[in-house]
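The values are calculated or read from the model by the stated rules, or taken from the named source; none is laboratory data. None of the values given here were measured: they were computed from a predicted structure. Cβ coordinates were reconstructed from backbone atoms using ideal geometry, including for glycine residues, and neighbour counts include every protein chain displayed.
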Amino acid sequence: MMALAAGSPAAAHSPQQAPPTATPPAAQTPATAGAPAPAVPASRKFTSEAGMMFSVILPAKAADFEAVMARVKEALNKSTDAKRKQQALSWRVFKGVEAGPGGNIVYIWFFDPAVKDEDYSITAILAEGFPNEAQDLWAKYTACFVSGQTMLSLQQVLNMSPALVPK
């Protein structure tokens with residue numbers, strides 16, 4: 001699991017990715033400063049029934065990251081767009097209890113079900129909900145990252161629950 005969180009391209013459906021859209025780069029530590037910049041995905045859309053995103057966050061920036069994510073939740077909940085409301089219903093944010101790679105914090109966003117082919121871009125959500133604050137919130141958000149995000153579209157292959165019928 002930590003290989004996925006660290007963005008191992010061999011383990012992930014898509015390669016490690018920078019925070020969405022072309023804006024200021026994520027914060028770098030000396031260990032990652034010489035590494036090539038990760039590719040920015042064309043979109044933040046899931047193509048399957050479920051999805052996950054892994055983010056590796058600087059410990060000193062965890063409160064900032066969580067504060068921006070609270071604003072994302074607020075933007076989704078106040079949206080009049082039915083698709084945004086649907087996204088909010090299945091978007092859960094988890095924080096690793098154990099330290100992640102390099103002592104950093106791993107956050108996992110879990111989407112089940114994912115709203116297929118709808119944009120989950122943080123910049124778009126913040127711009128819709130808080131047009132006057134979006135740029136400042138984006139800057140605060142990107143400063144939290146050790147490295148980019150890993151995004152995975154997921155397909156269920158087995159359900160271990162005896163009470164549920166496998167999909």
Exception for Ser79 within (1) touching a strand residue (DSSP E or B) at 6+ places or on another chain (Cβ under 9 Å); (2) surrounded by 15 or more Cβ atoms within 10 Å (Cβ to Cβ) falls at (1)
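Determine whether Thr123 is part of a helix (DSSP H, G or I), at pLDDT below 95 and not aliphatic (A, V, I, L, M).
Values: part of a helix (DSSP H, G or I): yes; at pLDDT below 95: yes; not aliphatic (A, V, I, L, M): yes.
The answer is yes for Thr123.
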Asp81 passes all but one of the listed conditions (1) in contact (Cβ under 8 Å) with a residue 24 or more places away in the chain; (2) under 15 Å from Ala50 (Cα atoms); the exception is number (2)
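Specify the residue that is modelled with the highest pLDDT; the eligible residues are those in the range 126-167 that are part of a loop (DSSP other than H, G, I, E, B) and among the small types (Gly, Ala, Ser).
Ala143
Specify the residue that is nearest to Ser55 (Cα to Cα); the eligible residues are those in the range 84-128 that are basic (Lys, Arg) and touching a strand residue (DSSP E or B) at 6+ places or on another chain (Cβ under 6 Å). It would help to see each step written out before you state the result.
Taking the range 84-128 and keeping what is basic (Lys, Arg), we get 84-85, 92, 95, 116.
Checking the rest, the ones that are also touching a strand residue (DSSP E or B) at 6+ places or on another chain (Cβ under 6 Å) come to 92, 95.
Numbers: Arg92: 13, Lys95: 10 Å.
The extreme case among them is Lys95.
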Here the qualifying pairs (Cβ atoms under 7 Å; residues six or more apart or on different chains; first in the range 143-160 and over 16 Å from Thr47 (Cβ atoms); second of a type in the set (Phe, Trp, Tyr)) come out as Cys144/Phe65; Gln149/Phe54
Residue pairs qualifying under the 6 Å Cβ cut-off, at least six apart or on distinct chains, with the first in the range 103-117 being closer than 18 Å to Ala63 by Cβ and the second being not in a strand (DSSP E or B), are Ile105/Pro59; Ile105/Ala62; Val106/Ala5; Val106/Gly96; Val106/Gly100
